[in-house]
Amino acid sequence: MSYSLDIQNLNKTYPDSDFRLNNVSFSIPKGTIMGFVGENGAGKSTTMNAVLNIIKKDSGTIKIFGREMGDRDTDIREQIGVVFDASNFPEVLTPAKLSKVMSGIYKQWDHSFFLDATARFKLDTRKQIGKFSRGMKMKLALAVALSHRPKLLILDEATSGLDPIVRDEVLEVFLEFVEDEDHSILMSSHITTDMEKIADYITFIHQGTILLTEKKDHLIYEYGIARCKAEQFQHIDRADMLAFKKRDYQIDVLVENRGAFERKYSGIVVDTGTIDEIMVLLVKGDQ
């Protein structure tokens, strides 16, 4: 299998901080979208910054299209489009003037594509960026990220601040992007319903450690959450549970194979779980 991004045993520590990235490993096949999920401070942005060489890793390998990117590898940087959760464009510029600036930075800058993207997002190219709403700034950042024809998009909370209608439109753009099987997306978001709509894979990170990487459809349709009474829980083999969490009148148990669990433990109700529910069990449940 060919990967757009391949991270193996990535480690990063900080002086005077207990936080660390601990042997972070996951890969994004070409033509797919990886949802990167975790609570605030879990390590999503740190991992993305290490991929972009904004921070220096302590150890491990990060390969982008099969190569490790150094400071001088501008040809690799040209192939990466980035949208962070805040706009960093000079607010005195208009999108039209911003396009001229970007044409001097990116060799493959496509002004016509940029104009089409801003029109699609209903952005006034003559209006100063500082007068845009947060949602408009996010759409502008996405238009810029796409307009130098990247092959890998790295999106850190790119759908935050967007209303549901616009967010759905943006998700459609992401799906169009990966129709080209050379393209891929690494996307973090607290709006996990967005992941459920478009992601091919989900990676869960907690306190700098990867808990799980799995196909999205497998998570949604094969994993399950068993709703157990205390006496039922006592009869479940620990090997059959990934995590469990006690609630007021029941115990929720995360299982990897819903069908097999139901056949083995008749009488226990097993529901499908959302990404949110699975994340809460992985992060807050007992292992």
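Okay, here's what the table says:
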| quantity | calculated |
| --- | --- |
| Subset of the stretch 150-172 [hydrophobic (A, V, I, L, M, F, W, C) and buried (at least 16 other Cβ atoms within 10 Å of the Cβ)] | LEU152, LEU153, ILE154, LEU155, ALA158, LEU162, VAL166, VAL170, LEU171 |
| Unique match (being under 23 Å from LEU52 (Cα atoms), of a type in the set (S, T, N, Q), crowded, with 20+ Cβ neighbours inside 10 Å and touching a Leu at 6+ places or on another chain (Cβ under 6 Å)) among SER147, SER184, SER99 | SER184 |
| Residues that are surrounded by 19 or more Cβ atoms within 10 Å (Cβ to Cβ) and either touching an Asp or Glu at 6+ places or on another chain (Cβ under 8 Å) or more than 14 Å from MET34 (Cβ to Cβ) (or both), drawn from the stretch 188-202 | SER188, SER189, TYR201, ILE202 |
| Flag for PHE84 being touching a residue at least 24 places away in the same chain (Cβ under 8 Å), assigned by TED's automatic domain parsing to the domain that holds LEU146, surrounded by 16 or more Cβ atoms within 10 Å (Cβ to Cβ) and within 26 Å of MET1 (Cβ to Cβ) | no |
| Residue that is farthest from GLU196 (Cα to Cα), among those in the stretch 146-167 that are over 16 Å from the mean Cα position of the chain (by Cα), in contact (Cβ under 8 Å) with a residue 24 or more places away in the chain and outside any loop (DSSP other than H, G, I, E, B) | SER147 |
| Any chance LEU175 is crowded, with 17+ Cβ neighbours inside 10 Å and either in contact (Cβ under 8 Å) with a residue 12 or more places away in the chain or not hydroxyl-bearing (Ser, Thr, Tyr) (or both) | no |
| Odd one out for TYR249, checked against (1) part of a helix (DSSP H, G or I); (2) exposed (fewer than 15 other Cβ atoms within 10 Å of the Cβ) | (1) |
| Candidates SER87, SER27, SER4, filtered to the one that is at pLDDT below 90 and of a type in the set (Gly, Ala, Ser) | SER87 |
| Matching option when the condition is in contact with a helix residue (DSSP H, G or I) (Cβ under 6 Å, 6 or more places away or on another chain), β-branched (Val, Ile, Thr) and within 23 Å of ILE185 (Cβ to Cβ), among THR125, THR118 | THR118 |
| Among (1) surrounded by 19 or more Cβ atoms within 10 Å (Cβ to Cβ); (2) in contact with a Lys or Arg (Cβ under 8 Å, 6 or more places away or on another chain); (3) part of a helix (DSSP H, G or I), the one test that MET279 misses | (2) |
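The values are calculated or read from the model by the stated rules, or taken from the named source; none is laboratory data. What you are looking at is a predicted structure, and each value in this text was computed from that prediction instead of being measured. For neighbour counting, all protein chains shown are included, and Cβ atoms are generated from backbone atoms with ideal geometry for every residue, glycine included.
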